[in-house]
Amino acid sequence: MNINGNGIGGCTPEQALSGLSNMTDGIEDIQISEYQARIEKAQALMKAQNIDAVYLNAGSNLYYFTGTRWYASERMVAAVIPQQGDIFYIAPHFEVDTLTQYMQIKGPIYGWHEHESPYQLVAELLAEKGTASGTLGLDEATPFFIANGLQQLLSNTHFVDAKTVTAGCRMCKSERELALMQRAKDMTLRVQQAAASILHEGITTKEVTEFIDKAHRKVGAVNGSSFCIVLFGEDSSYPHGVKNPKALDTNDVVLIDTGCQLYGYNSDITRTYVFGEPSDRQRAMWQLEKDAQLAAFNAAKIGEPCGVADTAARDLLAAHGMGPGYQTPGCPHRTGHGTGLDIHEWPYLVGSEKTLLAPGMTFSNEPMLVLPKEFGIRLEDHFYMTENGPKWFTEPAHSIDDPFGLMTHQ
């Protein structure tokens, strides 16, 4: 039993799982009309930037614009968005029938056999459409071997980074995207609460990780956890984990960072608390982390550079003897990252980021405190920008004694 009433410990995994249910009712995937609008926006950006066509390699950009879920491999699977006209696809001939099943935005598929060059096929198609001597934007996630293959055959083509188009469309989320992200984050926050309830002395990180995967499935994430980091004690001072994680001891710091996907959109939430009685040092550092997170949130204003949020968090930490800069004890990494179909995507909350904050942008907020050889404190929630400023997706942790607000709401 959890005698403190704060939800840390006291339940068996079976009891905790029994308290979870599917949370995806009433939520819908992106509709065809939105994919079409994305392509139209891309074409408007291409026209403004004198880009004749954009090559989208298999991956999240292909999915974003076409609804076609296909993972990158050594075989070219791609779509090309022309500045004017309809999108078309390139794929191995033997995959055409399968690819057709995944396509949301329909278009002709041009197939290549295993002994043929897909780069030659793209060159011929661009020549047919009169853009072989124009400007071709390459999806920034295009592997080098594909970019190199195209450049070898398209000597008269001017190649540019298509990030101005892809990020230009993806950085600001639609209402439906925000709704999908909201639900995914609600799911993971519920899973975080359930994970805290099963902790006991001696439990291993593997046991907690396996529980979190089951819990994500129970709340409706069909593929379970998209990632999971569980760290106890001194291990929590290593932001992304250690080779041989320790089991849980009483009075250890507990750091759990996990997420899932809902129709491709990511959640990513970190909670840090103490299993047992927090020390004065742990309390002070936990509150400093929360204050830095709030400073970053409050600094995010429409029209300001994204970097102001990182500066605000880092200045607050420095005023309390942390850092300076990226030195530890202090925050060794950026304050946050954009998120959406990719768990880390543009723009970033880092001092060098000059992109101006705009409605629809979404960010993690996690100016982690690392105290080497002691412990780490990371509180991570996400927010999105509205016309009136930032808005939390999930309510930040309440206190080190009551991280999920269970005592507050009793």
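Some observations on this one:
- The candidates TYR63, TYR89, arranged from most to least accessible area with a 1.4 Å probe in the full protein assembly, appear as TYR63, TYR89.
- Cross-link table LYS185/LYS214; LYS106/LYS218; LYS206/LYS243; LYS243/LYS290; LYS185/LYS290, entries beyond 23 Å C-alpha to C-alpha: LYS106/LYS218; LYS243/LYS290
- Toward the positive end of the charge dipole of the chain, with +1 on the Cβ of Lys and Arg and -1 on the Cβ of Asp and Glu, the farthest Cα among ILE400, ILE30, THR250 is that of ILE30.
- Placing a pseudo-label 7 Å from each Cα along the Cα-to-Cβ vector at HIS113 and SER33 gives an inter-label distance of 4.5 nm.
- Solvent-accessible area of PHE65 with every protein chain in place, 1.4 Å probe, in Å² to the nearest 10: 0
- Nearest 10 degrees, 0 to 90: helix 144-153 Cα axis against the chain principal axis: 10
- Helix axis angle, 280-299 relative to the chain longest principal axis, alpha carbon, degrees: 40
- Charging the Cβ of each Asp and Glu at -1 and of each Lys and Arg at +1, and nothing else, the dipole of region 145-255 about its Cα centre rounds to 520 debye.
- Restricted to Cα atoms, the chain shows a radius of gyration and a Dmax of 23.5, 73 angstrom.
- Relative protection proxy for 382-392, 281-291, from highest mean packing down: 281-291, 382-392 (other beta-carbon atoms within 10 angstrom).
- In degrees, nearest ten, helix 118-128 long axis to first principal axis of the chain (Cα): 60
- Within region 111-140, backbone nitrogen closer than 20 Å to the virtual label 7 Å beyond the Cα of LYS163 toward Cβ: 135-140
- Dipole size of the chain about its Cα centre, with +1 on Lys/Arg Cβ and -1 on Asp/Glu Cβ: approximately 360 debye, rounded to the nearest 20.
- Of the trypsin sites (Lys or Arg not before Pro) in region 34-82, the ones in a loop by DSSP (not H, G, I, E or B) with at most 15 other beta carbons within 10 Å are ARG69, ARG75.
The values are calculated or read from the model by the stated rules, or taken from the named source; none is laboratory data. Since we're looking at a predicted model, the values are computed, not measured. Here the Cβ is made from the backbone with ideal geometry for all residues, glycine too, and neighbour counts use every protein chain on show. All accessible areas refer to the heavy atoms of the entire protein, side chains included, with ligands and DNA or RNA removed. Shrake-Rupley method; radii C 1.70, N 1.55, O 1.52, S 1.80 Å.
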